[in-house]
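See structure below.
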Amino acid sequence: MTKSSNRSTTESNKGKRQRRRIERSLSSVGTILRASRSGMKYEAPVVSAPELKGGKGVRLGNKVYGSLSGAARAITGNMVNGWKFWQIET
């Protein structure tokens, strides 16, 4: 009796598993993101940001964040799933 291998086809030559990455990019430039927290309402547009990976960012105040989660963290002070935090309106 031989054991079958449970290794995924996504393993590298060194035997380390590689995660399949789901590409999630920001919405189109001009999209308005809305959120509310502790009675405060927030709006943040998706803007062109050539200096960031993907070329887009979320403008919150005077700063541009490269991810929804980064902008959400600036509001909450905690790690937050940005896809759950923001409401996306086109």
Exercise for review: Run the quick spin-label model on SER48 and VAL29: label points 7 Å from Cα toward the beta carbon, then report their separation in nm to one decimal.
Suggested key: 0.3 nm
Review point. Of LEU52, VAL80, SER67, whose Cα points farthest to the positive end of the dipole of segment 32-89 (charges on the beta-carbon: +1 Lys, Arg; -1 Asp, Glu; origin at the Cα centre)?
Key: VAL80
Review point. Taking the Cα atoms of segment 27-76, what is the range of coordinates along each of the three principal axes, in descending order and whole Å?
Key: 33, 18, 17
**Study point:** Restricting segment 50-90 to trypsin sites (Lys or Arg not before Pro) in coil, as DSSP defines it, with at most 12 other Cβ within 10 Å
**Key:** LYS53
Revision key, fill the gap. GLU43 neighbourhood, Cβ < 11 Å, K/R = +1, D/E = -1, net charge +2
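Rule-based calculations on the coordinates, nothing more; no lab input. Quantities reported herein were computed from a predicted structural model and do not represent experimental measurements. For neighbour counting, all protein chains shown are included, and Cβ atoms are generated from backbone atoms with ideal geometry for every residue, glycine included.
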